[in-house]
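Every read-out reported here was derived from the displayed coordinates using simple, explicitly stated rules and does not represent laboratory data. What you see is a predicted model, and the numbers here were worked out from it, not measured in a lab. Here the Cβ positions follow ideal geometry from the backbone for every residue, glycine too, while neighbour counts run over all protein chains shown.
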Amino acid sequence: MLNVRFLRELPWSPILAGCLWSAAFPRMGMAVLAWLAPCVLLLASTSQAPKDRFKRGYIAGLVHFLISLHWLLYIPFPAGAIAGWLALSAYLALFPAVWCWACWRMAPVQNSTEAVRESFPMHESSREFSSAFDAPLSQWLRTARSAWHERAVWSVFCAAAWVACELVMARLLTGFPWNLLGSSQYLSLPLIQMATVTGVYGVSFQVAWVSVGILCAGFAVLSSTEIAQNGPRSETHRLAGQFWGPLGDLAAPLMGLAACLSFGFAKLIRPEVPGPEIRVALVQPSIPQTLIFDSRESTNRFNKLIDLSLVAMAAKPDLLVWPEAATPGLLRFDSTTADDIARMLKGSRTSMILGADDAEPIPEPTNRRGARYNYYNSAFLMNPGGAIAGNYRKRRLVLFGEYVPLARWLPFLRHLTPIDGGFESGKSPGWFTLEEPRARIGILICFEDAFPHSVRETVDLETDFLINLTNDGWFGESAAQWQHAISSVFRAVENQLPVIRCTNNGLTCWIDARGRMHEVFFGDSPNVYGAGIKAFKMPMTEGPRHQGLTFYTRHGDVFALACFAITGAALALSFLARRIQKAGGKESAS
């Protein structure tokens, strides 16, 4: 029998806040909800006790990540899938919890709780609204009684704190910059152009700023209600309330939004400088991960790649691309595979980029584990003659997918993953150079495109475009493919370079320097997960070579680091002020 009391005691407001937040991302993709998510998070985490604010923010974050990352459960290894889904969600939920705690700690308040209750008799409907959010009405009223300019400063702090949390999430413990708030706006091309200066973090700031501004406007309505019922506390307060009201709290965020949109529209209407075209063919084999694990299927899946590629070669591409880990074995040590690829390319003018594992002998003096080779998740460039002309080794490895942390000391962790050993990480960015047409290509593998600070290292003045090889077949036919693809949208805008994505299944496509996605579907089919090829001509717009590097490419996360510094300084000053206040109170008492 359903325990009604248990249901009644659940913290429904944080749960609903987490659901709303997750709905802003693909595949639900209701991006407008991102503009409400921070506001609702703050409402749901309202409490007099700081630990309760943290707890409510944590619950909301946990619900959000459990929903938005549910595709981890598609990994064909149930024990590891469930453990990874729960552990990652539980870890990421710490960041919205810290944000909620920090925002309410810095919230402007006026008068004591008792004074507010006595001087601010609200309608019963307002108290019912507060009860619906499990929130003490007095906390809202104390903030509502603050001056509008104090709430304006607070809204900026909240937006900066949001960016600070995202920055730490992107870097701490190898980082996981996935589904950042700003990335939900990938279809709003005018808005996301600001990423050329601030990176995706600037979009997150703007969305959070407007959202908290909406909350502050609600507080202004409460303050106006107080004036209407009880009269103004002062003439200045009366004039401010009448003149500004809710508009005062929304004015600055909306002016910031208007400035960002104006900047974006100006960039979008500026003519693109045409460059030489390159004919590209992408192969999406859509091989289930269970078959990739099955060595008996190696020949069949390789033959499928060859068959699709022969069809693609009919378009006479300059560049043929296979996804991450396309070949079954070690390309440099597998003469049969290399010979088959060379025969396919023979007589053409087609170069090829593909993903394959690689190995390198370990010198005896440094061989502490008894292993003979280091293994790498790599990408290779093959020239039209079928010879290997370039090699890049993936730098950012997937936790438990490509290596097991602390496996030497905690060997039981290996039972949570299907991998037998593990990969070593590469040491430097990688570029491939095509001779005809002449092009310099920055190479990314798998979720490396999710790290803005790493991708900018792969862009220099000679780079013509980026290529991301990935295998999202781990996650079946889920939201993972869409959520992964929107990362490339922002990397294209941040660095003003086209990005080509070639995946095992999912969004094999290309993205222009303005963030527009092309060749997303196979013809008129809405299915992005099936097998097929995509052949197209892509203009290599005159990017860094002629227009120079973008501010973001040159300077990186300056904006996000400034938000981090502002957040840290404000909290430090808050702690110091309260310590001084307590010390003064003790001296007065003595």
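Label positions at residue 462 and residue 315, each projected 7 Å from the Cα along the C-beta direction, are separated by 2.8 nm.
Spacing of the modelled spin labels on residue 346 and residue 334, each 7 Å from Cα toward Cβ, amounts to 2.0 nm. For residue 425, neighbours were defined as the other residues whose beta-carbon sits under 9 Å from its Cβ, and their charges (Lys and Arg +1, Asp and Glu -1) total +3. Pairs exceeding a 31 Å alpha-carbon distance, out of 51/394; 346/394; 51/427; 267/534: 51/394; 51/427.
The calculated FRET efficiency for residue 258 paired with residue 574, based on their beta-carbon distance and R0 = 30 Å, is about 0.45. Per-residue Cβ neighbour counts within 10 Å put 475, 423, 333, 263 in the sequence 333, 263, 423, 475, beginning with the fewest.
Residue by residue, region 73-83 carries 3J(HN,Hα) couplings of 6, 7, 4, x, 8, x, 4, x, 5, 5, 4 Hz when phi is fed to the Karplus relation 6.51 cos²θ - 1.76 cosθ + 1.60 (θ = phi - 60°); x denotes Gly or Pro. Taking the fewest neighbouring Cβ atoms within 10 Å as the starting point, the ordered list for 510, 162 is 510, 162. Of the Cα atoms belonging to region 279-554, the radius of gyration and Dmax stand at 18.2, 58 Å.
The distance separating the Cα centre of region 329-360 from that of region 32-59 comes to 53 Å. In a fully extended conformation the segment linking residue 360 and residue 425 would gain 22.2 nm over its present Cα-Cα distance, using 0.36 nm per residue. Positive end of the dipole of region 469-590, charges at C-beta (+1 Lys, Arg; -1 Asp, Glu), about the Cα centre: which of 538, 570, 556 has its Cα farthest in that direction? Towards the positive end, the residue furthest out is 570.
Counting only Cβ charges, +1 for Lys and Arg and -1 for Asp and Glu, the dipole size of region 241-304 around its Cα centre is about 260 debye.
Along the axis of the charge dipole computed for region 279-554 (Cβ charges of +1 for Lys and Arg, -1 for Asp and Glu, origin at the Cα centre), the listed residues 359, 503, 425 are led at the positive end by 425.
Using R0 = 45 Å, the C-beta based FRET efficiency linking residue 300 and residue 268 works out to 0.45. Extension gain for residue 546 to residue 582 (0.36 nm times residue separation, less C-alpha to C-alpha distance): 7.0 nm.
Measuring between their Cα centroids, region 249-317 and region 475-531 lie 4 Å from each other.
The charge dipole of region 490-547, taken about the Cα centre with unit charges on the Cβ atoms of Lys, Arg (+1) and Asp, Glu (-1), comes to about 100 debye, rounded to the nearest 20. For region 279-554, the dipole from Cβ point charges (+1 on Lys and Arg, -1 on Asp and Glu) about the Cα centre works out to 300 debye, to the nearest 20. Here residue 197 and residue 565 are evaluated by their C-beta separation; at R0 = 25 Å the FRET efficiency comes out at 0.90.
Model label sites at residue 172 and residue 518, defined 7 Å from Cα along the beta-carbon direction, differ in position by 4.1 nm. Summing +1 for each Lys or Arg and -1 for each Asp or Glu, what net charge is found among the other residues whose Cβ lies under 11 Å from the Cβ of residue 507? Its environment carries a net charge of 0.
With neighbour counts taken as other beta-carbon atoms within 10 Å, the residues 500, 67, 306 rank, fewest first, as 306, 67, 500.
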